[in-house]
Structures are given as C-alpha cells and as structure tokens.
1. Would you say B:Ala128 is more than 10 Å from every other protein chain (Cβ to nearest Cβ) and either in contact (Cβ under 8 Å) with a residue 12 or more places away in the chain or aliphatic (A, V, I, L, M) (or both)?
2. Can you find a residue that is among the acidic types (Asp, Glu), under 23 Å from B:Arg131 (Cα atoms) and open to solvent by less than 60 Å² (accessible area, probe 1.4 Å) anywhere in region A:40-54?
3. Just give me the residues in region B:47-58 being more than 7 Å from every other protein chain (Cβ to nearest Cβ), out of contact with any Asp or Glu (no Cβ under 9 Å at 6 or more places or on another chain) and in contact (Cβ under 8 Å) with a residue 12 or more places away in the chain, in sequence order.
4. Give, as residue ranges, the helices (runs of 4 or more DSSP H) completely inside region A:6-97 that count at least 1 residues that are over 17 Å from the mean Cα position of the chain (by Cα).
5. In region A:132-152, which residue that is without any contact (Cβ under 8 Å) to a residue 60 or more places away in the chain and part of a loop (DSSP other than H, G, I, E, B) is most open to solvent (accessible area, probe 1.4 Å)?
6. Report the residue count in region A:90-131 for those that are surrounded by 14 or more Cβ atoms within 10 Å (Cβ to Cβ), of a type in the set (S, T, N, Q) and without any contact (Cβ under 8 Å) to a residue 24 or more places away in the chain.
7. Is there any pair linking a residue in region A:60-78 that is more than 9 Å from chain B (Cβ to nearest Cβ) and more than 14 Å from A:Leu7 (Cα to Cα) to one that is open to solvent by less than 10 Å² (accessible area, probe 1.4 Å) and of a type in the set (Gly, Ala, Ser), with Cβ under 9 Å and at least six apart or on different chains, and which?
Amino acid sequence: MSGKPRLTYVNGRGRMECIRWLLAAAGVEFDEIFLERREEYEKLIKDGSLLFQQLPLVEIDGMKMVQSRAILSYIAATHNLYGKDLKERARIDMYVEGIADLMQMILMFPFSPPEAKEKNLDSLKERATNRYFPVFEKVLKEHGQDFLVGNKFSWADVALIEAILAVEEKIPAVLSAFPQLQAFKKRISNVPTIKKFLQPGSPRKPPPDERYIETVMRVFKL
Amino acid sequence: MSGKPKLHYCNARGRMETIRWLLAAAGVEFEECFLQTKDDLTKLKKDGSLLFQQVPMVEIDGMKLVQSKAIANYIAAKYNLCGKDIKEKALIDMYVEALADLNELIMMHAFQPADKKEQNLANIVDKATNRYFPVYEKALKDHGQDFLVGNQLSRADVQLLETLLMAEECKPDILAKFPRLQSFKARISNIPAIKKFLQPGSQRKAPTQPEEIPGLMKIFQ
C-alpha cells in the first residue's frame, strides 16, 4: 500500500481532470485505476465504494471521497492552496466556480450531437471572451501580482490555467485580446509542479477522442 | 446602512434558497432586494456588482459575493457549520454536494415542458429514494446521533432538511420507507432558528408556480 492518493475513473479527462491538475500542482504523486467495462463500475457500486454510486472516486487519507468539489476543496485546504483566510477563500471559490461553469461547456462538448457542435463552439467562445476571461484579465491588471489571490499560488491559478489551455485547444487565438492572461499562462506554466504536469508522460490526459466517448457511454450506460 | 447581509435575486427559491436556509439556521438576519424586471438585472450588471454578470449575489462583510456555492461556503464557514476539522468538513462537503445535485433536479422540474414533467418527476423520485436518501438514512442509523456529522449541527443537516421538505412537496409520502429521515426531519425542524424559518411570514420562499415562470424567464432573457 503506497499511501498515495488513488484515483478511480475512466481513462480520460471528464470530471477527474481538475483533480489531477490540483494534485499535480500540489506536488502530490497519485495512482490511477481506469475503468474499461461496465462490470467494473457495477462491482464498485456493489462493494459500497461509491457513496452516491458515482465517479470520480479518490481514496485519500483513509477516506473514499466522491463528489469532485468536495475532493478539490479537501486537496486545496490540505495543501495550502486555499488562501490565508475566509475572505481569500471566498475569492478563490468565486473564481473557481465561474471557471467550472465555463469548463462545464467543454465537458459536455463531446456528447453534443454533431449538428449542435458549431453553435456550442460559438457559445464557448462568447462566454470565454465576454464573461470569464475579462474578469481574470482585470483582476491581474488591477493588482499587478503574479497570482490571482493573495499574492500566492492557489487553486484559483490552477483552475484558470487548466481552463485557458482547454479553451485554446478549441479556439487557438482565444487569448489574443488578453495580454495579462497570456503572461499569466506563461508564468504559471513555469511553476515547477505545473511544468512537470505539462510534460509528456505526466498523468495529464489528452482531449476526449472517439475511444474515450465510447468508454464513457459503455461504462456509465448513457 | 444596516450591516446585515443583502441578497440580490428574484422573489423565488431558485439558486438563492439554500443561502437563505444557511443564514436563517445561523440566526443571521438578512435583507433582500428582489429583481422583478430585466432592467433590474441590467442595472446590477452595469453597476459592476456582478462578477460574472449573474445572480445570486450577496453583499456580506464588505464583499459582493457571487456563485451560489462560494456564497454558501463562506456563510457555512463563518458560522461554524462545517464540522470541527478538515475530515468532518470533507464528509459534510460530500453530503452537501450530493444534496445540491438532487436540489438541482427538483429546481429544474418547474421549468420542464408539460410533456416531460411526468418522466422528470419519476426521475426525481427514483434518484431521491434509491441514490440519495438511503445514504443519509444509513448514516443516521449507523451512528445513532442527532446530526449527520460530528454530533453537532452542520450545513449538512440544514441542507438535508431543505431537500427533504422539497422532495415531500414533489411526493408527499416520499419518506415512507425512511423512518430515521422522518425523525431527523422532526428534530431539525424544532431547532429554534429553523423552526422560526419554517413559520409563515419568514423569508423562506414558496415553490415556484407554473404561472410565475414566464415572468422569471423575462428577467434573464
């Protein structure tokens, strides 16, 4: 038994990727179990491992944690990535929740019907460039610090860089009007733990492909 | 200027109701500013009051907080409704996130088209009685304590009561197979601050009626 956190999910980003990012940013090594068959998922349910019969599942510090936000909050709090007080935490939570709304659009993308894809891409571009990125551009411009909250690396920075890279995969020039975010992206990519996560061979997962979609449909019977 | 938290939302449960419950359970008086027209929302946006141009927004402790989970987290932490340590908080968070999933289903029910309503209701009842309620019934059975976590009131208890009552509005006998949830409901309802919130005339909102939907949609168009 390694003592490392153990992640159980399918072999792809989905609702586990933000957890991988945060553990990696915190410099925490982790093991992963990838479900391929429906029976493996049903076994987990029968075993009582999944409190609400759902994944992600992260075994950490003797707990079988489910619900991605609960898992993320725990990791952030136990690795000094949640600000220095309640007010900083509130700021981090607001930023992270806004980013989660944006990421939800990307999460659902592979599962939308082909005829909706162009419209969804337009919505993503609109939201990213009009609602979300301007907020973080302004925050960085106004305080002039390296990190979003409290002059210290936090969960908010990890969430933002993940979102920037994910949106850029779909809309390569999305940061063209956001110089602060361009600099932020470079800067955070160079934080040693993040730099390591961005290298080939890390636990970071590639964008969803046909195989991933099939696996999800099969394992979760969608 | 009162110093009380000020809630900005429409006069409906929606994504503000859990926040109202938490403030009430904490014994915190609050004011409400109801959006009634699209112009009301536009004004708030123009003021720069809404970080992501959305409500709920709560003015509290000199901040304009948005994102209902961020707001709820702040209130719960400030008023000691998150357990005594990080592991109790982890369990509370798991419970609370699941309740939020069920709440979301119930909240969305009012907005379903007529031909989807029956199926949607069946889904709510199925998830409530097969996925969610058994977990809380078992937790209460296993430790035999009055509260879900750590033998003291937490946001998990407040939010579970909120959800149980909304589920009963969907199907009055939905707790028939959950004796411990029934006694939990009675017990938590009798906590003075919560009892007060459950009385007529409190700031608790009624379920959204079908005839209110067009008016609400207009605000957010």
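1. yes
2. yes
3. Initially, region B:47-58 is screened for residues more than 7 Å from every other protein chain (Cβ to nearest Cβ), giving B:47-50, B:54-58.
Next, only the ones that are out of contact with any Asp or Glu (no Cβ under 9 Å at 6 or more places or on another chain) stay: B:47-48, B:50, B:55-58.
Within region B:47-58, B:Leu50, B:Val55, B:Pro56, B:Met57, B:Val58 qualify.
4. The qualifying helices (runs of 4 or more DSSP H) are A:38-46, A:68-78.
5. So the first thing to find is which residues in region A:132-152 are without any contact (Cβ under 8 Å) to a residue 60 or more places away in the chain, and the list is A:132-148, A:151.
Of the ones still in play, those that are also part of a loop (DSSP other than H, G, I, E, B) are A:144-148, A:151.
On the way: A:Gly144: 61, A:Gln145: 61, A:Asp146: 73, A:Phe147: 42, A:Leu148: 5, A:Asn151: 94 Å².
Only one residue tops the list, namely A:Asn151.
6. Residues that pass the stated criteria total 1.
7. Going by the 9 Å Cβ cut-off, the qualifying pairs are A:Ala76/A:Ser154.
For (1) among the β-branched types (Val, Ile, Thr); (2) within 20 Å of B:Pro172 (Cα to Cα); (3) in the same structural domain as B:Leu99 (by the TED database), each residue gets a yes or a no:
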{"position": "B:Lys116", "(1), (2), (3)": "no, no, yes"}
{"position": "B:Asn123", "(1), (2), (3)": "no, yes, yes"}
{"position": "B:Asp126", "(1), (2), (3)": "no, yes, yes"}
{"position": "B:Thr129", "(1), (2), (3)": "yes, yes, yes"}
{"position": "B:Tyr132", "(1), (2), (3)": "no, yes, yes"}
{"position": "B:Tyr136", "(1), (2), (3)": "no, yes, yes"}
{"position": "B:Lys141", "(1), (2), (3)": "no, no, yes"}
{"position": "B:Asp146", "(1), (2), (3)": "no, no, yes"}
{"position": "B:Gln152", "(1), (2), (3)": "no, no, yes"}
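The values are calculated or read from the model by the stated rules, or taken from the named source; none is laboratory data. Predicted model only: the values in this text are computed from it and were never measured. Note: ideal-geometry Cβ built from the backbone for every residue, glycine included; neighbour counts use all protein chains shown. Side chains included, ligands, DNA and RNA excluded: accessible areas come from the protein's heavy atoms. Shrake-Rupley method; radii C 1.70, N 1.55, O 1.52, S 1.80 Å.
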